[in-house]
Amino acid sequence: MDAEEKELTKTLALYDQNSQTFRSLNQLMWQIPLIAMTLTGGLWFGVSKAEATPTFQFWLLLLAFAGNVGLAIVLSRLRYIMERYLNWLEATYAEGFVSAPGTHLLNRPLSVRRVFQIMLGLAAVASLILMIAPAKQLGLLPQSKSEASVGFYDRQARDLADSYEGLPFEQAHPALVAKLQGRTRLRVLDVGSGTGRDAAWLAAAGHTVTAVEPSDGMLRLARELHPQALVRWTKGSLPELAAIKAGTVYDVIALSAVWMHLHPQDRSEAFDRLEALRAPGGFIYMTLRNGPSTPERAMFPTTVAELRGLAKPHGLVVDDLGESPDLLGRPGVSWRTVVVREP
């Protein structure tokens, strides 16, 4: 075999080897989106599990973010190496090389890589956004007092359920039971419905009940504890109560252990919203907490005088039904029951 034949044999061997390597790289590039979907989907599923703690959720989402960013970088490097092989193949056998320069945005070189990287970038951004909530719960990001309060109920939903559900509705709200005596099919709005004890009782008594709760953990628990209750469970919070459609009105609006969580600056707007939802002849039932606050839950002082000041412009009166001790035995805590109604 002369030198020319040896060189040709060597070139053919190199061409075959580099072609094989390029095909392997190309297959790997197309596998990256599948790897990304499997990684991200599995981690997001772990985050969505009800028993996932904020710490666990945060680190899973951080791993999903880092994984997508890392795969986007790997994709760039991989496509660069493939480009080098393409250049060598073209230079070695120009007449047999198939070039595809593209004529518009969708078929230009690197368009596949860009599409993949956009998908990976969107998944990374989504993970980053989802990290905000657990990061706030862990104190890694600042949060408002209302967010801190909701976060507390999210984390402690199951622990609180035993104490809340252990108290019968009749014992917790005797004044409301008396006002509902002999009345059925009332439209009831339970604001801050918690574990769903009150909403379930009201529904069982024959009323049409909508329960609004800002805590995802509490909402999940309410549906779990009261699966048979004919209640419309929905997420929302004062002062907006955006989940309630405009024009909807209720005969009874109940706020049990809710008003103290509202910042005084938001109470005027919240009261106006509640009044807009009250049907003619209907009433607003509230329990107002008196006593020391707890650091993990945002609480502000409540008074009947403040409520009367908010009710007066609407031509409403506030009935003070008296004070009662805390049924859970918390020291220094008592509750005052009031009803806001038309004269």
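Residue 45 accessible area, nearest 10 Å², 1.4 Å probe?
Result for residue 45: roughly 130 Å² accessible.
Given points 7 Å out from each Cα along the Cα-Cβ axis, report the residue 98 to residue 112 separation in nanometres with one decimal.
1.1
Give a quick list of trypsin sites (Lys or Arg not before Pro) in region 1-96 that DSSP marks as loop, anything other than H, G, I, E or B, with at most 13 other Cβ atoms within 10 Å.
Filter output for region 1-96: 49.
Using Cα-only point scatterers and the Debye equation, what is log10 of I(q)/I(0) for region 220-343 at each q in 0.11 Å⁻¹, rounded to two decimals?
For region 220-343 at q = 0.11 Å⁻¹, log10 I(q)/I(0) is -0.42.
If every alpha-carbon in region 222-285 counts as one equal scatterer, what log10 I(q)/I(0) does Debye give at q = 0.15, 0.20, 0.23 1/Å?
Listed by q, the Debye log ratios stand at -0.54, -0.91, -1.12.
For region 264-320, calculate the relative contact order in percent as a whole number, restricting contacts to Cα pairs under 8 Å that are 6 or more residues apart.
Taking the mean separation of contacting Cα pairs over the length of region 264-320, I get 28 percent.
Roughly how large, in nm² to one decimal, is the mean projection of the convex hull of the alpha-carbon atoms in region 303-343?
Mean orientational projected area (region 303-343, Cα hull): 3.2 nm².
For residue 290 and residue 86 in one chain, what is 0.36 nm times their gap in residues minus the Cα-Cα distance, to one decimal in nm?
That pair, residue 290 and residue 86, stretches by 65.8 nm at full extension.
Per the Kirkwood definition applied to all pairs of different Cα atoms, how many angstroms is the hydrodynamic radius of region 39-124?
15.6
Can you match mean projected area of the Cα convex hull in nm² to one of these, [x] 25.6; [y] 16.8; [z] 20.7, based on a calculation from the structure here?
[x]
Stretch residue 312-residue 4 to full length: gain in nm at 0.36 nm per residue minus the Cα-Cα span?
100.4 nm
Using only alpha carbon pairs under 8 Å that are at least six residues apart, calculate the relative contact order of the chain and give it in whole percent.
Relative contact order here is 11 percent.
Do you know the relative contact order of region 12-125, to the nearest whole percent, from alpha carbon pairs under 8 angstrom that are 6+ apart?
The value is 34 percent.
Please list, in chain and number order, the residues 5+ apart from residue 279 or on another chain whose amide H is under 5 Å from its amide H, with Hs placed from the backbone.
Under 5 Å from the amide H of residue 279 lie the amide H atoms of 250, 251, each far enough along the sequence or on another chain.
Given +1 on the Cβ of Lys and Arg, -1 on the Cβ of Asp and Glu, and no further charges, what dipole in debye does the chain carry about its Cα centre, rounded to the nearest 20?
For this selection, approximately 520 debye.
Tell me the label-point distance for the pair residue 13, residue 319, using the 7 Å Cα-to-Cβ offset, in nm and rounded to one decimal.
With each label placed 7 Å out from Cα toward Cβ, I get 10.1 nm.
Rounded to the nearest 500 deg cm²/dmol, what is the calculated helix-only ellipticity per residue at 222 nm for the chain, with -39500 (n - 2.57) per DSSP H run of length n ≥ 4?
It lands at -18000 deg cm²/dmol.
Please report, ordered by residue number, every helix of the chain (full DSSP H runs) that is 15 Å or longer along its axis going by C-alpha atoms and whose mean Kyte-Doolittle hydropathy reaches 0.5.
Helices passing the filter in the chain: 54-92, 111-130.
When only alpha-carbon atoms count, how far does region 44-92 stretch along each of its three principal axes, as whole angstroms with the largest first?
Answer, in whole Å and largest first: 59, 14, 6 Å.
The values are calculated or read from the model by the stated rules, or taken from the named source; none is laboratory data. Values in this document were obtained by computation on a predicted structure and should not be read as measured data. Please note: Cβ atoms are built from the backbone with ideal geometry, for glycine as well, and neighbour counts cover all protein chains shown. Only protein heavy atoms, including side chains, enter the accessible area calculation; ligands, DNA and RNA are left aside. Shrake-Rupley method; radii C 1.70, N 1.55, O 1.52, S 1.80 Å.
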